[in-house]
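Below: the structure, in structure tokens.
Any read-out appearing in this document is the output of simple, stated calculations on the displayed coordinates, not a laboratory observation. Nothing here was measured: the structure is a model prediction, and the numbers come from that model. Reconstructed Cβ throughout: ideal geometry from the backbone, glycine too, with neighbour counts over all protein chains shown.
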Amino acid sequence: MAKGHRQLAQPSLGVPIGICYGRVANNLPSPTDAVNLINTNGITSIRLFNPVAESLQPFSGTGIQLTIGVPNEDLPSIAAGDVTTALEWLQTNIFAHVSADQIRYLVVGNEVFSKDTFYTPHVIPAILNLHQALQSLNLSEKIKISSAQAASILSNSYPPSSSSFDPNILPELTHFLQFLRDTSSPLMVNVYPYFSYINNPQFVSLDSALFRPAAGSVLNDQNLVYDNLFDQTIDAFIYAMEREGYGGIAVVVTETGWPTADGDAASGENALAYNGNVVKRSLENVGTPKRPGVGVEVFLFGLFDENEKKRNEFEKHFGIFGVNGVKAYDLVFH
């Protein structure tokens, strides 16, 4: 095994699949009912985008592992403060509602480097202050810190071996990658083959997006064979990190999914095909062509449809469950 691979913390067989619990909707079940639904279905890992007391408190004592977002708008104040500021933020927003034992990751900012660049200068200082705060509580090994990035931080992603980061963000990104390596934390990425397919149908086949090997959709890149876009995207990030000298950092997919309605190829059948394959590959530690056998931790998007999403109609229809608690399609999580 290559030297870079030995640095990776490999999940044990049966790594739990996480689900994103988004709440941009006006018709959702109560957080208590949502937590009951999560428990009933044996889901043991949840990502919350905002640490809202109402949605956090019902998780307390359940044993469900939480990945909690530090909202972009909170970054400037945390960055401008010191360790005390960060401690107060953690206590007020998280530890007052759930035990530190239930927190798996802090996601400091979402898609800042490429989509919400006003906050870019605040990401690293906020991360460092929060990390020092966790160190002071002896929690920095238990709770890992990262920041979720959009695929658009790559200026080139095809073929994966030619991938590179957007040079405009490299100064900040290099500091970020250095922190991840120093703390054995993962690069967090939001990966949506669905978007790649609908935005570039002349170049991206539906077969490749849905894990259906077919003539013309299989890529051979430096003797590694890719039969799906998910693997290509993960390995593109790995190659890009290697290019900058950070080859040993693990990758966690903080969002991925497929819509069930109101978009090209949006259906329950396709959502089941996509998410089902993602789940199976994670549970079986399939890994990717570049890192075979190194299971990829994944958070599926999302728990419910969100009827107040603003941009595209299909973005309202990523829910694995209906708001009535009935599965939109028969996805198995373990």
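Give the shape of the chain as rounded, prolate or oblate, defined through the alpha-carbon gyration tensor: a ≥ b ≥ c are the square roots of its eigenvalues, a/c under 1.5 means rounded, and otherwise the shape is prolate if a/b is larger than b/c and oblate if not. Don't skip to the end; give the middle numbers.
Numbers: a/c = 1.55, a/b = 1.11, b/c = 1.40.
Oblate is the answer for the chain, as a/c is 1.5 or above yet b/c matches or exceeds a/b.
For the stretch 61-114, just say rounded, prolate or oblate: build the C-alpha gyration tensor, square-root its eigenvalues into a ≥ b ≥ c, call rounded for a/c under 1.5, and beyond that prolate if a/b exceeds b/c, oblate if not.
Numbers: a/c = 2.97, a/b = 1.38, b/c = 2.16.
Because a/c hits 1.5 or more and a/b fails to exceed b/c, the stretch 61-114 counts as oblate.
Subtract the Cα-Cα distance of Asn199 and Glu54 from 0.36 nm times their separation in residues, and report this length gain in nm to one decimal.
Numbers: separation 145, 0.36 × 145 = 52.20 nm, distance 3.68 nm.
Difference between extended and current length: 48.5 nm.
Label 7 Å along Cα→Cβ of Ser161; the stretch 237-252 residues with amide nitrogen under 11 Å?
Under 11 Å, as judged by backbone N against the label point of Ser161, lies no residue of the stretch 237-252.
Just check the stretch 130-197 against the gyration tensor rule for me: Cα atoms, a ≥ b ≥ c as the square roots of the eigenvalues, rounded for a/c under 1.5, and otherwise prolate or oblate depending on whether a/b exceeds b/c. Display every interim value, and only then the final one.
On the way: a/c = 3.00, a/b = 2.01, b/c = 1.49.
Prolate, because a/c is 1.5 or more and a/b exceeds b/c.
For the chain, the longest stretch holding no trypsin sites (Lys or Arg not before Pro) located in a DSSP loop with at most 15 other Cβ atoms within 10 Å is which? List each step's numbers first, then the result.
Numbers: sites that count: Lys142, Lys310, Arg311.
That gives 143-309 as the longest site-free run.
In the structure shown, do any of Lys144/Lys327; Lys115/Lys290; Lys115/Lys310; Lys115/Lys142 have a Cα-Cα gap over 24 Å, and if so which? Working shown, then result.
Numbers: Lys144/Lys327 31 Å; Lys115/Lys290 28 Å; Lys115/Lys310 16 Å; Lys115/Lys142 29 Å.
Too far apart for the 24 Å limit: Lys144/Lys327; Lys115/Lys290; Lys115/Lys142.
Residue by residue through the stretch 88-95, what is 3J(HN,Hα) from phi via Karplus (6.51 cos²θ - 1.76 cosθ + 1.60, θ = phi - 60°)? Round to whole Hz and write x for glycine and proline.
5, 5, 4, 5, 5, 8, 10, 5
Return the sequence-ordered ³J(HN,Hα) values of the stretch 182-198 in whole Hz as given by the Karplus equation 6.51 cos²θ - 1.76 cosθ + 1.60 applied to θ = phi - 60°, using x for Gly and Pro.
4, 10, 6, 9, x, 6, 9, 9, 9, 10, 10, x, 4, 5, 4, 5, 6
Considering only C-alpha atoms, what is the centroid distance from the stretch 211-290 to the stretch 81-132, in Å?
The two parts, judged by their Cα centres, are 28 Å apart.
Using amide H atoms built in the peptide plane, which far-off residues or other-chain residues are under 5 Å from Val108 H to H?
HN-HN under 5 Å from Val108: Val70, Ser146, Ser147, Ala148.
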